[in-house]
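Written out below as structure tokens is the structure these notes cover.
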Amino acid sequence: MAEQSSGTSLRSGRLGVWGIVFFVVAAAAPLVGMTGAVPVAILAGNGAAASGTYLLVGLTLLLFSVGFTAMTSKVTNAGAFFAYVGRGMGPNMGVASAFTSIVGYVTIQLAIYGFFGGLMAGQMASLGIDMAWWIWALLAWAIVTALSLLSVDVGAKVLGTLMILELASLLITGVAILVNHSAQMDFNAAFNPANIFAGGLEGGAGIAIAFALASFIGFEATAIYGEESKDPKRAVPRATYLAIGIITALFAIVSFAIVTGLGASTVVDQVATISEGGANPAAVLFSLAESNVGVWMVDVMSWLVVSSLFAGLLAFQNANARYFFALGRGGVLPKTFGKTNASGAPQSGVILTSVLAALVIVGFAAANLDPILNLFFWMSAITAVAIMVVEILVSVSVVLYFRKNGGANVWKSTVAPLASAVLLAGGLYLLMSRFNLLSGLASTPEGAGVSWDLSPLGWVLVLSPFIALVVGYLVAVVQKSSNNELVKDIVS
């Protein structure tokens, strides 16, 4: 029987391995990535080898997970990343990383609200219901807030249903394309390392890797739900590997199906034509679904994109709330954030997350900014940088922690986390150098194709995760009296 909430701890025993996996895969929003990121990675990146790029990035994140999951046997904390960094690099850096993580998770939820609102406004208008994007966004906001306040397992059930439908539509479409075009399969074009790195890290390969890395954001949230799982020492590692495996396989297989369906040698030109030069990337997968499965699949997918976005909103709402909860319990934020309601949900964290989201939605609407071109692209680009920064800190912290305390073999404690830190640092460089393309904030229209070409706003946004890191560190230093409570929470 699930343990009752004590008011200062999340209710345990509510989530099994698959419940956690559903939250994490939902956060990655594979259908959104498949319709939005993959076509751009093909067109602006390395063409047919985009499939191999997704596989490469997935393997890199599996390497990161070796050290990451080794820490889950030592630390079970709703703050996850900040608790891991706190164990390895000290409480001050732990708090600093928490601030950066919050920037990452808050901005990705804001990005999804923009995408959801814009997509719903368009689809409902075609049915004769014409309402502004922000109205749809606020309707989703109200439902997400209510579900998050009720309890995390209610959210898991909702996500589970949505995710099964989403994954099924992608697999059915991918398999149908591969079966119908089996004679066109070109594994060399898609997975040969020489093709994956064609164009160089400053060119096509770097662009594809940047988009692939951004598509995986959310997988690391498995550890956030450790306190609410039935057996965190086993559930979190299993959920992490399952989530990365599912996301990697899905992106690699379906992107390979897209390449196969359009022909490896002609895929770039075909994607450019079908997507109208990249202006409508979703048309690529939808056109293949229509010709290989049927018009009904396009109709299903167009609505599943909406449900995928909603699932992502719910997943990141829960992730944000649990970070605020961990910081409240540790004394960094007011104590009220470290308490749960009768359902075992971190109520104050949920409310703060929702208030922030509402303010931004209303602010962007009042400024007449576009929900997708502005809210979605700006915020999601920040997220990609922020989460990558924290993943690097976690990798370094794993090495430092096990060097001081022992308890893991050299592969888990040193080799894998060091290798992942180096690879992720390279990925961070690529993300930042291509921030103009990810965010649409180049200094000039021509600058989108040039590394590090950013408008003043672009520079502010790309540096915001680092600013949060510094602010968090200073807050921790100033709040020295809270450090003892934070240390107790981290080491418990």
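The values are calculated or read from the model by the stated rules, or taken from the named source; none is laboratory data. Just so we're clear, the structure is a prediction, and the values are computed from it rather than from any experiment. All Cβ positions, even for glycine, are placed from backbone atoms using ideal geometry, and neighbour counts span all protein chains on display.
Observations, loosely collected:
- Pick from region 103-135, criterion touching a residue at least 12 places away in the same chain (Cβ under 8 Å) and of a type in the set (Ser, Thr, Tyr), ranking: nearest to TRP303 (Cα to Cα): TYR113
- Reported count of residues in region 74-86, each being crowded, with 24+ Cβ neighbours inside 10 Å, modelled with pLDDT under 75 and either in contact with a strand residue (DSSP E or B) (Cβ under 8 Å, 6 or more places away or on another chain) or within 19 Å of LEU418 (Cβ to Cβ) (or both), is 0.
- Applying the set (1) at pLDDT 90 or above; (2) surrounded by fewer than 15 Cβ atoms within 10 Å (Cβ to Cβ); (3) polar (S, T, N, Q) to SER455 leaves exactly one unmet item: (2).
- Number of the condition not met by THR353 [criteria: (1) modelled with pLDDT of 85 or more; (2) over 23 Å from ILE217 (Cα atoms)]: (2)
- Meets criteria (closer than 30 Å to VAL355 by Cα, surrounded by fewer than 21 Cβ atoms within 10 Å (Cβ to Cβ), within 24 Å of the chain's Cα centre (by Cα) and modelled with pLDDT of 80 or more) for ALA146: yes
- Residue within region 371-393 that is assigned to a helix (DSSP H, G or I) and over 30 Å from LEU61 (Cβ atoms) present: no
- Failed item in (1) in contact (Cβ under 8 Å) with a residue 24 or more places away in the chain; (2) of a type in the set (Gly, Ala, Ser); (3) within 19 Å of THR100 (Cβ to Cβ), with GLY328 passing the rest: (1)
- Single residue of LEU359, LEU375 found to be more than 30 Å from MET71 (Cβ to Cβ) and surrounded by fewer than 19 Cβ atoms within 10 Å (Cβ to Cβ): LEU359
- Qualifying residues in region 13-27 (those that are among the small types (Gly, Ala, Ser) and surrounded by fewer than 24 Cβ atoms within 10 Å (Cβ to Cβ)) - the one modelled with the lowest pLDDT: GLY13
- Residue in region 59-73 that is surrounded by 24 or more Cβ atoms within 10 Å (Cβ to Cβ) and on the phi > 0 side of the Ramachandran plot present: no
- Scope region 440-468; condition of a type in the set (A, V, I, L, M) and under 20 Å from the mean Cα position of the chain (by Cα); matching residues: LEU461, VAL462, LEU463, ALA468
- Of all residues in region 437-480, those that are closer than 24 Å to ASN92 by Cα, of a type outside the set (A, V, I, L, M) and either in contact (Cβ under 8 Å) with a residue 40 or more places away in the chain or assigned to a loop (DSSP other than H, G, I, E, B) (or both) total 6.
- Yes/no for ALA41 being over 22 Å from GLY245 (Cβ atoms) and either crowded, with 24+ Cβ neighbours inside 10 Å or under 19 Å from the mean Cα position of the chain (by Cα) (or both): no
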